[in-house]
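Chemist: Below is a structure I'd like to ask you about.
Just so it is clear, none of the values below were taken in a lab; they were calculated from the coordinates. The model shown is predicted, which means the values in this text are computed figures rather than measured ones. Neighbour counts are summed over all protein chains in view; Cβ atoms, including those assigned to glycine, are modelled from backbone coordinates with ideal geometry.
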Amino acid sequence: MTTRTPNELLRALVVESAWTYEALAKAVRAVAAECGSSVQTNKSNVDHWIAGAVPRGDTGRYLAVALSRRLGRLLTLADLGLPDTGGEADSDTIGISLDRDPLDALLPMWRHELDRRRFLTTSAYSVAAAALPLSHIREIAARTEAARTGHVVGMAEVDAVRDMIRAFSEMDERHGGQHGRSALVTYLRDDVAPLCRARFRTDEARQQMLSAASRGVHLLGWKSYDAGQQGLAQRYYLQSYALAAESEVVGQDGFVMRTMAMQGLKLHRPEHCQSLAETGLERAKGRVDAQTEALFRVVHAHTLAKTGKRRRALAEAELARDLLVGAPGDETTFWALTWGPPAASVYSRTAKVYETLGDHRSAAEQYALAATARPSQTYARIVALDLVAGAEMHLKRGGIEQACATWHQAMDHMDGVRSVRTRKAVGRIRGDLSRFRARGLRCAIDLDARARDFLAAS
């Protein structure tokens, strides 16, 4: 009979967490659900692990995330006294640090993506990692003194990279995050990464190339987010932040912090969202154009609303809209156009502020403004999602007919879009319609049939 060696490292962490075995098992199940998986972990499993058994499959990683969240620091499988069953000793920390060259962190991530490794695409959102940019605000030394080749990079190469990333971004918005993802990974790895490590004609060319690379990695994070892969999205955002910080382009590192705050709000992980939004705003305020500053302020307003600061939230959202009106002709920088026209992003985020505060009428109005402020052919996915959100606001106010009409408008924009988020949105439509369908309401029956056919076809 084989005698197991008790796992004292894990035992000590569980004691430190002050969780019962049942509470820890519940937390592990919750993390697994976030990653699109289902585990049957119970208190007996926890007891077996502490006695020396090794969790099966990805359960050990879910356990590490659960304890990391509880204890407020990043824990690896090794910290838990567990082996890495995924085949690479450091796979649980790939892309989740800011203490080295971001390209060195990105290369193994891209290898995992192209090899279709499961771990990174099923990794969980880390509360500990969300705080990393807050302690990383410092000057970063240039790492480009030595060139791999004799090629000297100038602004012509920067412009070419920007044009290609714009093309990938437009494809993403028009057709969804699952289109062109492998092609973007390959382009960044094979073309952009070597350019970032080349010799540059000027410091400006170096800064703008790193900035463009940051924008491309940010887009990969957004594609992962759209696919429901929140842990992977967070890792890409961290490395996008690192590239932006290294570029020293004013405001861009703060813009990525803004994105990280938005992700945390969406996932109901508010621990660092307000600090991220405030720090990002402070790094951009008065140093970027008015429309870009409006983008920072409206996300800050959302974090204020989430923390119950109603008056401050509404004042900040109003200031964001005033900035749009005061400087409509300002030229917005390349990296701030991630989601299209700044006005549309401000309207959409303002709607979330009102929604958080329970003002569903105002939220519906702002979602409608957002949907009309973007070219619908170029931004089909986000227009559809804003319309879905607006319909949900109409429903909360008791307007089922208006909600159905708006949902139909949303689905008009979904053809050809491959997006986990749009599929989930249509699933929510069917759930919201169920009680009206049961009453025989014609508009609900017709819309539900359309939603059912959409899900079957996609």
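Chemist: At each listed q (0.11 Å⁻¹), what is the log10 of I(q)/I(0) that the Debye formula gives for region 154-272 modelled as equal alpha-carbon point scatterers?
Modeler: These q points yield log10 I(q)/I(0) values of -0.35.
Chemist: Considering Cα pairs under 8 angstrom that are at least six residues apart, work out the relative contact order of the chain and quote it in whole percent.
Modeler: Once normalised by length, the contact order is 11 percent.
Chemist: Still on this structure, please answer the following. If the limit is 32 Å between Cα atoms, which of 309/424; 26/424; 285/352; 26/352; 43/352; 43/309 go over it?
Modeler: From the list (309/424; 26/424; 285/352; 26/352; 43/352; 43/309), the Cα-Cα distance tops 32 Å for 43/352; 43/309.
Chemist: So for region 350-446, what are the equivalent ellipsoid semi-axes in whole Å, largest first, each being the square root of 5 times an eigenvalue of the Cα gyration tensor?
Modeler: Three semi-axes, in Å: 20, 18, 11.
Chemist: For Cα pairs less than 8 Å apart in space and 6+ apart in sequence, what is the mean separation divided by the residue count of region 8-93, i.e. the relative contact order in percent?
Modeler: Rounded, it is 32 percent for region 8-93.
Chemist: Moving on to the next point. Calculate, for residue 455 and residue 287, the FRET efficiency according to 1/(1 + (r/R0)^6) with r their C-beta to C-beta distance and R0 60 Å; round to the nearest 0.05.
Modeler: Working: r = 46 Å, r/R0 = 0.76.
It comes to 0.85.
Chemist: Continuing with the same structure: Skipping prolines and chain starts, which residues have an amide H placed within reach, meaning under 5 Å, of the one on residue 153, given they are 5 or more residues away or on another chain?
Modeler: Correct list: 199, 200, 201.
Chemist: Give, as a single signed number, the net charge of other residues whose beta carbon lies under 10 Å from the beta carbon of residue 207, with Lys and Arg counted +1 and Asp and Glu -1. Each step should come with its number before you reach the end.
Modeler: Numbers: positive: 206; negative: 203, 204, 246, 248.
Neighbourhood net charge equals -3.
Chemist: Please state, to two decimals, what the Cα-based radius of gyration of region 351-391 comes to when divided by 2.2 N^0.38 Å (N = residues).
Modeler: 1.12
Chemist: Which GluC sites (Glu not before Pro) in region 198-286 pass both tests, a DSSP loop state and at most 16 other beta-carbon atoms within 10 Å?
Modeler: Counting only loop positions with at most 16 other Cβ atoms within 10 Å, the GluC sites (Glu not before Pro) in region 198-286 are 248, 271.
Chemist: Rank-order 415-424, 349-358, 211-220 by packing density, defined as the average count of other C-beta atoms within 10 Å over each peptide's residues, highest first.
Modeler: 211-220, 349-358, 415-424
Chemist: Another question, then. Please give the length that would be gained between residue 186 and residue 372 if that part of the chain were fully extended, namely 0.36 nm times their separation in residues minus their C-alpha to C-alpha distance (nm, one decimal).
Modeler: Gain on stretching residue 186 to residue 372: 63.5 nm.
Chemist: State, as an integer percentage, the relative contact order of region 146-293 based on alpha-carbon contacts under 8 Å between residues 6 or more apart.
Modeler: Averaging sequence separation for qualifying contacts and normalising by length gives 20 percent for region 146-293.
Chemist: Which cysteines in the chain lack any other cysteine whose Cβ sits under 4.7 Å from their own Cβ?
Modeler: By the Cβ distance rule, which asks for a partner under 4.7 Å, the isolated cysteines are 35, 196, 273.
Chemist: Among 102-109, 157-164, how do they line up by average Cβ neighbours within 10 Å per residue, starting with the highest?
Modeler: 102-109, 157-164
Chemist: Report the dimensions of region 8-93 along its three principal axes from the alpha-carbon atoms, largest first, rounded to Å.
Modeler: 31, 28, 25
Chemist: Figure the gain on full extension for residue 412 and residue 23 (residue separation times 0.36 nm, minus the Cα-Cα span) and round it to one decimal in nm.
Modeler: Length gained between residue 412 and residue 23: 135.6 nm.
Chemist: Now, a different point. Just the number: Rg to Rh for the chain, Cα atoms, Kirkwood Rh, two decimals. The partial results should precede the final answer.
Modeler: On the way: Rg = 23.1 Å, Rh = 23.4 Å.
Rg/Rh for the chain comes to 0.98.
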